[in-house]
Amino acid sequence: MIIAGPCSITTKESALRDAQFLSDIGVQYFRGGIFKPRTNPHSFQGIGLEGLDILNEIKKETKIKIVTEIVDIRHIPYFENVDIIQVGSRNCQNFELLKELAKFGSTVLLKRGFGMTVDEFIDAAEYLKEYGLKDYQIILCERGIKTFENSTRNTLDLSAVPILKAKTNYKIIVDPSHGTGRRDLVVPMSKAAIAGTADGLLIECTKYPDTSITDAMQTIGYDKMSEIVNFYNKYKNLF
Ligand code: PEP
Ligand code: MN
C-alpha cells in the first residue's frame, strides 16, 4: 500500500489537487493531517475538525481512501468516515486512546514511538488486538528513532521491518519522510524499504513542497512521487 499527501491540510483546493494527482498515478490512500502534534505550542496546530469535511469531500470526489491522524480520544466518533486512523509517534503508547480506537473498530496505522524499542512497539500494537482489532486492521509504521546521528532528523530503522514481519502478522510500512527529514533521501529510502520487505510506504507529497506549512524540508513533489510509485509497482512482488 502507498499512503501519501501533504503533512497538513490547509485548503480544500490544494488538498483536492494533490489527492487527484495521487489517485491518477495509482496511490490508494490520501493522507493529510488536520491535527498536528507539534513540539512547540506556538507552531501551527492543524485546521482541526473542519478538516474532516474537506477530507470527506475529497473522498467523494476522487474515490481515494482517506488516512488522517487522531490526537484526542474525544474525537473518535467524528472519524467515522476515515478509512485508516493514524496514531502518531507521540501517542504510540497512549494506551487509553489505543483501547478506545480498538473498540471503535476502524483500521489503525500505528507509528513507532521515536524512543521505543521494537518489542515495546509490538506491545503497544497488542493493545489494539486485545481490545478488538483483527491483525489485518493493524498497520505498523517505522518512522525513525532518536539516535546520536544528526545528519538526518531521525534514524530510519529499516532493520525493524523484517523483524516486525517475523514477529507479527500485521502490515508493516515505512515513512522515509519523517524517518530522514530530508527530501533528497525520500526516494532512496523508499526503494530501500521496498527491498527490505516493507508492505508499503507513507510519503509526504504535495505539488509545491517548498510552501508546505509543516515539514516542507522532507516533503517531495510530484516527480519524485511518480518515481517511487513506478519503483514500487515494478519491484513490490520481488522481495
Ligand atoms: C505525521 O505523520 O505527520 C507525524 C506527525 O509523524 P510522527 O507521528 O511520526 O512524528
Ligand atoms: Mn509531517
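The values are calculated or read from the model by the stated rules, or taken from the named source; none is laboratory data. These numbers were taken from a predicted model, which means no experiment stands behind them. Virtual Cβ from ideal backbone geometry, glycine too; neighbours counted across all protein chains shown. Heads up: the accessible areas ignore ligands, DNA and RNA and are worked out on the full protein's heavy atoms, side chains in. Shrake-Rupley method; radii C 1.70, N 1.55, O 1.52, S 1.80 Å.
Being in contact with a strand residue (DSSP E or B) (Cβ under 6 Å, 6 or more places away or on another chain) and either among the β-branched types (Val, Ile, Thr) or within 16 Å of ligand 2 (Cβ to nearest atom) (or both) is the filter here, so list the residues in region 165-208 that pass it. Give the derivation first.
In the first step, residues of region 165-208 are kept if they are in contact with a strand residue (DSSP E or B) (Cβ under 6 Å, 6 or more places away or on another chain); the result is 165, 170-175, 177, 183, 186, 190, 193, 198-203, 205.
Of everything in region 165-208, those that are in contact with a strand residue (DSSP E or B) (Cβ under 6 Å, 6 or more places away or on another chain) and either among the β-branched types (Val, Ile, Thr) or within 16 Å of ligand 2 (Cβ to nearest atom) (or both) turn out to be Ile172, Ile173, Val174, Asp175, Ser177, Arg183, Val186, Ser190, Leu201, Leu202, Ile203, Cys205.
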Response to the item:
Output for Cβ contacts, cut-off 6 Å, separation at least six or different chains, first residue under 15 Å from Glu142 (Cα atoms) and within 16 Å of ligand 2 (Cβ to nearest atom) in region 85-101, second aromatic (Phe, Trp, Tyr) and in a loop (DSSP other than H, G, I, E, B), reads Ser89/Phe114
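May I ask you to verify whether Leu110 is open to solvent by less than 10 Å² (accessible area, probe 1.4 Å) and more than 23 Å from Ile2 (Cβ to Cβ)? Break it down stepwise before answering.
Numbers: open to solvent by less than 10 Å² (accessible area, probe 1.4 Å): yes; more than 23 Å from Ile2 (Cβ to Cβ): no.
Criteria not met by Leu110.
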Worksheet item: Quick check, is Asp53 of a type outside the set (Lys, Arg), surrounded by fewer than 21 Cβ atoms within 10 Å (Cβ to Cβ) and free of Cβ contacts under 8 Å to residues at least 12 places away in the same chain?
Response: yes
Worksheet entry | Per-region count, region 183-206, residues over 15 Å from the mean Cα position of the chain (by Cα) and away from ligand 1 (no atom under 16 Å from the Cβ) | 9
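Pick out, from region 1-108, the strands (runs of 3 or more DSSP E) lying fully within it that include 2 or more residues that are within 12 Å of ligand 1 (Cβ to nearest atom). Let's see the steps before the verdict.
Details: elements: 2-5, 29-31, 65-69, 84-87.
Those strands (runs of 3 or more DSSP E) span 2-5, 65-69, 84-87.
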Item to complete: Working only within region 158-177, note down all residues that are away from ligand 1 (no atom under 16 Å from the Cβ), under 27 Å from Cys7 (Cα atoms) and among the small types (Gly, Ala, Ser).
Response: Ser159
Practice prompt. Scan (1) touching a helix residue (DSSP H, G or I) at 6+ places or on another chain (Cβ under 7 Å); (2) farther than 26 Å from Asn40 by Cβ; (3) within 16 Å of ligand 1 (Cβ to nearest atom) for the single condition Pro209 breaks and write down its number.
Written response: (2)
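It is to be established whether one or more residues within region 142-164 are among the aromatic types (Phe, Trp, Tyr) and in a helix (DSSP H, G or I).
no
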Worksheet item: Hey, Asp175 hits all of (1) surrounded by fewer than 18 Cβ atoms within 10 Å (Cβ to Cβ); (2) within 23 Å of Tyr29 (Cβ to Cβ); (3) of a type in the set (D, E, K, R) but one; which does it fall short on?
Response: (1)
Response to the item:
Taking region 190-214 and keeping only residues that are part of a helix (DSSP H, G or I), open to solvent by 10 Å² or more (accessible area, probe 1.4 Å) and within 21 Å of Gly32 (Cα to Cα), one is left with Pro209, Asp210, Thr211
